[in-house]
Amino acid sequence: MTRSAVSDAIRTDLAGLGELAEAVEAMGPELDAALDLIAGMEGRLIVTGLGKSGHIGAKLAATFASTGTPAYFLHPAEASHGDLGMVQPSDVILALSWSGETTELSDVIGYAKRRNVPLIALCGAANSTLARASDVALVLPHVREACPHNLAPTTSTLVQMAMGDALAVALLQRNGFGPESFHGFHPGGSLGAALKHVHEVMHTAEALPLVSEETPVIAAISELSAKGYGIVGVTRGGELVGVITDGDIRRYLERNAKATMQGALHETEAGAIMTEGSVTLSPSMIAGEALSILQERRISAAFVVEAAQPVGLVTMLRLLNRGTA
């Protein structure tokens, strides 16, 4: 019974999102006008709402702000007690109310009209007070709630959230807000770690395991053991021309099991056993992308090169320890 109730609620939510997708296709001019107002504002997007709509509005304000659209949440009750002073004509107000008749929004609406602040309504009733007072009304479909009594705000709140998120994503794309921008706005946490550049997390300088192609194999093995990354870069004139890994050493020794120790380790050069055409990374690459490459190629480390010269080394362990995922 419990499992059935959960699955039924999710199906109702999905049906509501389907109705929203169809409604968006019909919005056309209203949706374009809303996006134009927000994208063209010189100030900030003021998101407001009460109750469930207020909780959603606070989340949406954070989403807008973190994706390149300056925004903050204004509680309508606080607005009526002085916080309206934070709203300027250069701002745009996005007001959320499912019924469109939230009394506490009246002061915000009146202020918007007096100060010529553009007002966008996100509501579920086209003939509501909020919709009629707005410059642009984004009217959401009248979906059935996942609540079995069709009373508790469930699917309707999901639809509000989805529409707000969709607006944020549309503005993100419109403003050319890419991974580099995310890095600036998300310096902390796993997202911040994934958006760091490779040059911020790579091993450098004396930590790099490097030998020239003329280096005897025994010395390459020594460098491999000393640095402990399971890889050694082989250079020619300062440029990276190949790598030697633990696997390369093992396969080389297996092939030369009958050779003398002198010949196999002391008289053979690193260039003779290296793997050419190894995977390399760029210093400006995003750390998350670097981790994806290592995982896809099933390797534990890769050199970072600039103008063909090795400037760093990135290991999967290093990326994971720094929180990249």
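Residues in segment 123-142 that are assigned to a helix (DSSP H, G or I) and without any contact (Cβ under 8 Å) to a residue 24 or more places away in the chain: 1 in all.
Among the residues of this structure, residue 286 does not count as one that is in contact with a His (Cβ under 8 Å, 6 or more places away or on another chain) and farther than 24 Å from residue 202 by Cα.
Please work out which residue is modelled with the highest pLDDT, limiting yourself to segment 241-273 and to residues that are assigned to a loop (DSSP other than H, G, I, E, B) and among the β-branched types (Val, Ile, Thr).
First, the residues of segment 241-273 that are assigned to a loop (DSSP other than H, G, I, E, B): 256-260, 267-268.
Then drop every residue that is not among the β-branched types (Val, Ile, Thr), which leaves 260, 268.
On the way: 260: 76, 268: 89.
So the residue we want is 268.
Among the residues that make up segment 49-57, is at least one of them basic (Lys, Arg) and free of Cβ contacts under 8 Å to residues at least 40 places away in the same chain? No, every residue in segment 49-57 fails to be basic (Lys, Arg) and free of Cβ contacts under 8 Å to residues at least 40 places away in the same chain.
Please indicate, with yes or no, whether at least one residue in segment 232-244 is out of contact with any strand residue (DSSP E or B) (no Cβ under 8 Å at 6 or more places or on another chain) and either of a type in the set (Val, Ile, Thr) or more than 24 Å from residue 197 (Cβ to Cβ) (or both).
Restricting attention to segment 232-244, the residues satisfying the condition of being out of contact with any strand residue (DSSP E or B) (no Cβ under 8 Å at 6 or more places or on another chain) are 237.
Those still in the list that are either of a type in the set (Val, Ile, Thr) or more than 24 Å from residue 197 (Cβ to Cβ) (or both) too: 237.
Yes, segment 232-244 has at least one match.
Please determine, by comparing only the residues of segment 162-184 that are closer than 20 Å to residue 93 by Cβ and at pLDDT 90 or above, which one is farthest from the chain's Cα centre (by Cα). Within segment 162-184, the match that is farthest from the chain's Cα centre (by Cα) is 163.
Given the criteria in the same structural domain as residue 207 (by TED's automatic domain parsing), under 19 Å from residue 243 (Cα atoms) and free of Cβ contacts under 8 Å to residues at least 12 places away in the same chain, does residue 296 qualify? Criteria met by residue 296.
Is at least one residue of segment 51-73 among the β-branched types (Val, Ile, Thr), surrounded by 13 or more Cβ atoms within 10 Å (Cβ to Cβ), closer than 22 Å to residue 114 by Cβ and at pLDDT 90 or above? Outline the logic, then answer.
Restricting attention to segment 51-73, the residues satisfying the condition of being among the β-branched types (Val, Ile, Thr) are 56, 63, 67, 69.
The next check asks that each one be surrounded by 13 or more Cβ atoms within 10 Å (Cβ to Cβ); those that pass are 56, 63, 67, 69.
Narrowing the set further to residues that are closer than 22 Å to residue 114 by Cβ leaves none.
No, because not a single residue in segment 51-73 is among the β-branched types (Val, Ile, Thr), surrounded by 13 or more Cβ atoms within 10 Å (Cβ to Cβ), closer than 22 Å to residue 114 by Cβ and at pLDDT 90 or above.
Considering only residues that are assigned to a strand (DSSP E or B), surrounded by 19 or more Cβ atoms within 10 Å (Cβ to Cβ) and within 38 Å of the chain's Cα centre (by Cα), which ones fall in segment 211-240? Once the filter is applied, which keeps residues that are assigned to a strand (DSSP E or B), surrounded by 19 or more Cβ atoms within 10 Å (Cβ to Cβ) and within 38 Å of the chain's Cα centre (by Cα), segment 211-240 yields 231, 232, 233, 234, 235, 240.
Report yes if residue 159 is assigned to a loop (DSSP other than H, G, I, E, B) and either of a type in the set (A, V, I, L, M) or over 32 Å from the mean Cα position of the chain (by Cα) (or both), otherwise no. Talk me through it step by step, then tell me what you get.
Numbers: assigned to a loop (DSSP other than H, G, I, E, B): no; either of a type in the set (A, V, I, L, M) or over 32 Å from the mean Cα position of the chain (by Cα) (or both): yes.
No; evaluated as a whole, the condition is false for this residue.
Consider residue 278 carefully, then state whether it is more than 14 Å from residue 302 (Cα to Cα) and assigned by TED's automatic domain parsing to the domain that holds residue 295. Write out each step before concluding.
Numbers: more than 14 Å from residue 302 (Cα to Cα): no; assigned by TED's automatic domain parsing to the domain that holds residue 295: yes.
No, not satisfied.
Among the residues making up segment 283-310, those that are among the polar types (S, T, N, Q), farther than 14 Å from residue 197 by Cα and either at pLDDT 90 or above or assigned to a loop (DSSP other than H, G, I, E, B) (or both) are 300, 309.
The values are calculated or read from the model by the stated rules, or taken from the named source; none is laboratory data. What you see is a predicted model; the values in this text were computed from it and never measured. Note that each Cβ is placed from the backbone with ideal geometry, even for glycine, and that neighbours are counted across all protein chains shown.
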